[in-house]
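Data block below; observations after.
The values are calculated or read from the model by the stated rules, or taken from the named source; none is laboratory data. Everything numeric here is computed off the predicted structure, so don't read it as measured data. As a convention, Cβ positions derive from the backbone with ideal geometry for all residues, glycine included, and neighbour counts pool all protein chains shown. Remember, those area values only see protein heavy atoms, side chains included, never the ligands or the DNA or RNA. Shrake-Rupley method; radii C 1.70, N 1.55, O 1.52, S 1.80 Å.
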Amino acid sequence: MNFYELFLKPYESYDTFQIALEAIATIFGILSVYFSIKKNIWVYPTGIVSTALYVYILFNFGLLGDMMINFYYTVMSIYGWILWSKSSEDHIHVEVSWATKKEWIFSGILFFISLILVTIVYYYKPFIDNHFSMKNVQLGLYHLDWANWLDVFTTAIFLVGMWLMAKRKIENWIFWMIGDLICIPMMIYKGLGITSIQYMVFTAMAFVGYFEWKKGHQLHHRK
């Protein structure tokens, strides 16, 4: 398959409104990651715009796990915004730290709970797709393809990453790196080429973010 078939052809069947929404969500998503790298509280208002739009977009594409994680992002962005504003001396920038053993344990629990919950949602997907009616519906996981299973897995990864970011933990970037890499082929497969390019950019930015936060933490402790 060439570039046209992978990234452009799916958009021939989309309307202008749908394409515009995805483009706007992508721009604000990239802005949000940029502000996160800079430890700037604007990560949250820009992130809220992006994630709220993706809730709508991903629901339409049947990626329920990813839709749920974006709804979770929206809620966690409000939580993170409050935490960062309380921890910021200039009301814009924050200091970061490494996760404690207790926070790693909580992250693990969060990961497995998410796997279970998103799998349950997919189990009921035929019921949801049928406008919440059980008429001629067979529940189960038989309808899931490899992209759906990846969606379940990445949802758990991103959930932990978002929580660690709200807590200003350097390790949050590791979860973003892994999840973003997995999402690239998944979004191409689902016909969301613009979003797949966004995840390519996110992957690169996550590497930068990790080393920026790590360097900033080391410099802070040398003072």
For region 190-213 and region 104-130, write down the distance between their C-alpha centroids in whole Å. 24
For region 143-223, shape from the Cα gyration tensor axes a ≥ b ≥ c, cut at a/c of 1.5 then a/b versus b/c, turns out prolate
If we count every other residue with Cβ under 11 angstrom of Leu64's Cβ, Lys/Arg +1 and Asp/Glu -1, where does the sum land? -2
Folded to 0 to 90 degrees: helix 43-60 orientation relative to the chain principal axis, Cα: 10
Would you calculate the separation in nanometres between label points at His93 and Ile78, each defined as 7 Å from the Cα along the Cα-to-beta-carbon direction? 3.0
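What's the local net charge at Glu212, with K and R +1, D and E -1, over the other residues with C-beta under 10 Å away?
Values: positive: Lys38, Lys39, Lys214, Lys215; negative: none.
Local charge sum for Glu212: +4.
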Compute the helix-to-body angle for 172-189: its Cα long axis versus the longest principal axis of the chain, expressed 0 to 90° and rounded to tens. 20
Rounded to 10°, Cα long-axis angle of helix 193-222 versus longest principal axis of the chain: 20
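Given the rule -39500 (n - 2.57) for each run of at least 4 DSSP H residues, summed and divided by the residues of the chain, what is its mean residue ellipticity at 222 nm, to the nearest 500 deg cm²/dmol?
Working: 8 runs with 161 residues, N = 223.
Counting only the DSSP helices, I get -25000 deg cm²/dmol.
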In sequence order, calculated HN-Hα J values of region 150-163 (Karplus, 6.51, -1.76, 1.60; Hz; x Gly/Pro): 5, 4, 4, 5, 5, 4, 5, 4, 5, 4, 5, x, 5, 5
Computed E for Asn130/Ala23 - FRET, C-beta separation, R0 35 angstrom, nearest 0.05: 0.65
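Cα convex hull of the chain: how many Å³ per residue?
Numbers: hull volume 28.0 nm³, N = 223.
Taking the convex hull of the Cα positions in the chain, it is 126 Å³ per residue.
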Which cross-chain or sequence-distant (5 or more) residues have an amide H under 5 Å from the amide H of Leu141, H modelled 1.01 Å from N in plane? none
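Peptides 128-138, 187-197: what's the order by average Cβ count within 10 Å, highest mean first?
Numbers: 128-138: 10.4, 187-197: 19.5.
Output ranking for 128-138, 187-197: 187-197, 128-138.
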With bins of 10 Å, the percent of all Cα-Cα pairs of region 53-144 per bin from 0 is 14, 30, 29, 17, 8, 1
Ranked by how many other beta carbons lie within 10 Å on average, peptides 150-160, 207-217 from highest: 150-160, 207-217
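Return the subset of Lys102/Lys215; Lys9/Lys167; Lys169/Lys190; Lys125/Lys214; Lys38/Lys102; Lys101/Lys190 for which the Cα-Cα distance in this structure is over 29 Å, preserving the input order. Walk me through the numbers before you get to the answer.
Details: Lys102/Lys215 24 Å; Lys9/Lys167 41 Å; Lys169/Lys190 32 Å; Lys125/Lys214 41 Å; Lys38/Lys102 26 Å; Lys101/Lys190 37 Å.
Beyond 29 Å between Cα atoms: Lys9/Lys167; Lys169/Lys190; Lys125/Lys214; Lys101/Lys190.
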Can you work out the Karplus-derived ³J(HN,Hα) for every residue in region 116-133? Use 6.51 cos²θ - 1.76 cosθ + 1.60 with θ = phi - 60°, whole Hz, and x for glycine or proline. 5, 5, 5, 5, 5, 4, 5, 4, 8, 4, x, 5, 5, 5, 8, 6, 6, 10
For Glu171, other-chain or 5+-apart residues with amide H closer than 5 Å (H placed, Pro excluded) are Ala99
Using Cα springs under 10 Å in a Gaussian network model of the chain, which residue among Ala166, Ala147, Ala20 shows the largest mean-square fluctuation? Ala20
Where the chain is the region considered: accessible area per residue in Å², 1.4 Å probe: 52
When Lys and Arg each count +1 and Asp and Glu each count -1, what net charge do the other residues less than 13 Å away from Glu171, Cβ to Cβ, add up to? +4
